[in-house]
1. For a Förster distance of 35 Å, can you work out the FRET efficiency between the beta-carbons of Lys601 and Lys132, rounded to the nearest 0.05?
2. Could you work out the local net charge near Thr450, counting Lys and Arg as +1, Asp and Glu as -1, over the other residues with Cβ closer than 14 Å to its Cβ?
3. Note down the relative contact order for the range 290-472 as a percent, whole number, built from C-alpha pairs under 8 angstrom at least six residues apart.
4. Could you compute the net charge surrounding Lys776? Neighbours are other residues with a C-beta less than 13 Å from the C-beta of Lys776; K and R count +1, D and E count -1.
5. If you take the C-alpha gyration tensor of the range 290-472, multiply each eigenvalue by 5 and take the square root, what semi-axes do you get, largest first, in whole Å?
6. Of the beta bridges DSSP finds with both residues in the chain, what % are antiparallel, to the nearest 5?
7. May I ask for the Kirkwood hydrodynamic radius of the range 220-330, worked out over all distinct Cα pairs and given in angstroms to one decimal?
8. Once the cut-off is 17 Å, how many percent of the Cα-Cα pairs in the range 249-310 end up in the long-distance tail?
Amino acid sequence: MLEDSSFAIHPGQKKQMQTPDYKEIGNVLKVVKTESGASVNTESGTLFIKFYRDDIVRFVLNPFGETTLCSSPALITDGEKTEVTVCEKNGQILLSSAKLQVYLEKSPLRITIADPDGRVLVKEGAKGMGFKESKEIICYKEMEPEDHFYGFGEKTGFLDKRGEKMTMWNSDVYAPHNPETDSLYQSIPYFMTLRNGFAHGIFFDNTFKTTFDFRSEETNYSFSAEGGQINYYVLAGPTPKDVLEQYTFLTGRMPIPPKWAIGYHQSRYSYETEQEVRELAKTFIEKGIPLDVIYLDIHYMDGYRVFTFDKERFPNPKQLIKDLKEQGIRIVPIVDPGVKEDPEYYIYQEGIRGDHFCKYIEGNIYFGDVWPGNSAFPDFTSSKVRKWWGEKHRFYSDLGIEGIWNDMNEPAVFNETKTMDVKVMHDNDGDPRTHRELHNIYGLMMGESTYSGMKKQLNGKRPFLLTRAGYSGIQRYAAVWTGDNRSFWEHLQMSIPMVMNLGLSGIPFAGADVGGFAHDSNGELLVRWTQVGAFIPFFRNHSALGFARQEPWSFGEKYEKAIKKYIELRYQWLPHLYSLFAEAHHTGTPVMRPLMMEYPKDENTYNLSDQFMVGDNVIIAPIMQPSVQHRVVYLPEGNWVDYWTEEVFEGGKHHLVKADLNKLPIFIKQGSILVHGSVKRSTAIKDEKLTLHLYYGKSTSSSFKLYEDDGSTFEYEQGNYLRKIFHVKCTKDEISLTISDEGSYKPEWKEIELIVHGAPENFALIINGQEKSLQKKENNWRTVIC
Ligand code: GLC
């Protein structure tokens, strides 16, 4: 308690300066060329340099023992065979691939990484790599005044992390998240540097507690870990999208989610009875507010025992799930890792008999207090345990459930340290490691177990998984929400850079609790938050026990109307959003993007934290303050069209725009294409027709890949999808549109109507070389194109 008062800054509290026992790696003794790199003997052990591709190079060194090329479970590849030459040049060793050059200065060892034109990406200067007696390992790199830093997974604060110091240690933080809150639920030890318009990345694959320090020194940044090997990958870029492609080549990409998972989700801690859930669904249907998912938080269970339903509150879950599915609404239950210590409970019994729980080296099980009381925790580092837990999900899939919500999987424990004892020894498939080393991957491995189990049981249907905790690679299994935020305007503001940085960290399917989880929300906040949520990849309204209810109608008609409008808008935009999810699946480029991703040479975008892009041609500039109806919007080069009024704004400038409560400022770049479907009750209703909005712009060109598949199976992996590629080119008086198709999928929609916005009178429309006539209606021109 005293730490919360001024006592915290009592003069006697000043920390003793620690004696620095930092040691450098030392000199290079010998270099031997290997298949895709080199093995370098140094005074402090062997450094392996291995190219994974021309544009990805890995550095591994263990100053405390033998260096190994083992990887964490984040990695999905051992790399491709890469042509590398090794030679000596001006007293330095040079390793080159087609896209990267690695220079090693020999005494002491210093690494410089450049592109083939000599542009330096990563450089060690006065300090290089080193270690401490405590087994801490540290890497210093030079920091240029022009450097901007992004990624780091889930962090509070602004978009650009220059000047920050961040720790990766999966943590359950209910206390209000603020700019000082450091470790949150996810640990993504990866970042992207943007320097003079060019990007490169570093992935520090170390599962111990890691620290990224961009604050302590003026000309160096560092990344360090409490233990383990120096083990990092340099990703060549040169564009931010290239870096994401490279990072997700290593750690994997999100599968295309089932369509229902990108609709609107309604949650509450908790909808406590079957009756309450049915009434909730009924209200949505009666009010005509679209809905795809209702969540069951911990109250659905029998005494918070996972894989059970409370028989009194939920007498017939199967019927409930069936009835709701008929209305296009799915149920997603919460599943936490803690298993109640109860000898009469079948999961606990199986866990004990099968030796599935986390234990100390001495053999005693670790117990911790969570919702069900004293609980044991499955050891997800063991593949046998993951399989067991995954199979247990048949309990849910047999009831018709297709989505699972994993929470408290840092793992969270109600104690001083907030987690499991770091001395616990994980099985790790026969290579035992302490919890101190594997803490950060507990949630990732639970995700693997749950996703794989569900996938198997759903017989070809796509499962949906939502998780709170994760490590690099979590995108392969789960969507991520940003945990226990509050109904504060500041938290709405904070969610934008947080979700953008998650996207820049390979996690495109992310979002914050709309309306705020804890604290009482209010009508205005919920409207503004829903406006943002409608364009954020994961769109769920969730609120906590004991605080104001937060369903769309909770604050009266005026607000309900505005909220409904934006949930409907989400459904209208689904074909566009789904196409962007497919792009994220194929390339790693996120759905929700900071402007710097599309305009890396424009300095105005480098720390733009209150605007974002959806794809490459739409800017969302939400209002995120109470009683405010104006804001400044930055629009980069080009001309931009107000989505609602069609007013044209010149880019490369800041504009003051007005947005009353019903308006979310949306800007579409001239020359681009937007695809809309129709407003619908749920994604279960298919579009019969799509509308292609083309925003004319003199001397512009762009392209859009409309993606479609069955929305529910993995057949897209076998080519059963449709990709319609639209290229548009506008001149003074002509719009030429070329359309080509890839893939074999036959969509449900039978027609695409083209609406041209803002074109000059008497322009000609040429589609695939043929002139096509249009009809003028109000200010736009229309025609059916497919
Ligand atoms: C945690 C979760 C929250 C959930 C609650 C009860 O606080 O972050 O979303 O509602 O636990 O399960």
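Values in this text are rule-based calculations from the coordinates and carry no lab data. Note that the structure is a prediction, hence the values are computed from the model and not measured. Cβ: placed from backbone, ideal geometry, glycine included. Neighbour counts: every protein chain shown.
1. Values: r = 40 Å, r/R0 = 1.14.
Efficiency, from the Cβ-Cβ distance: 0.30.
2. That works out to +4.
3. Computed value for the range 290-472: 22 percent relative contact order.
4. In short, 0.
5. Working: eigenvalues 160, 59, 43 Å².
Semi-axis lengths for the range 290-472 are 28, 17, 15 Å.
6. 80
7. One over the average 1/r among Cα pairs gives 18.0 Å for the range 220-330.
8. 55
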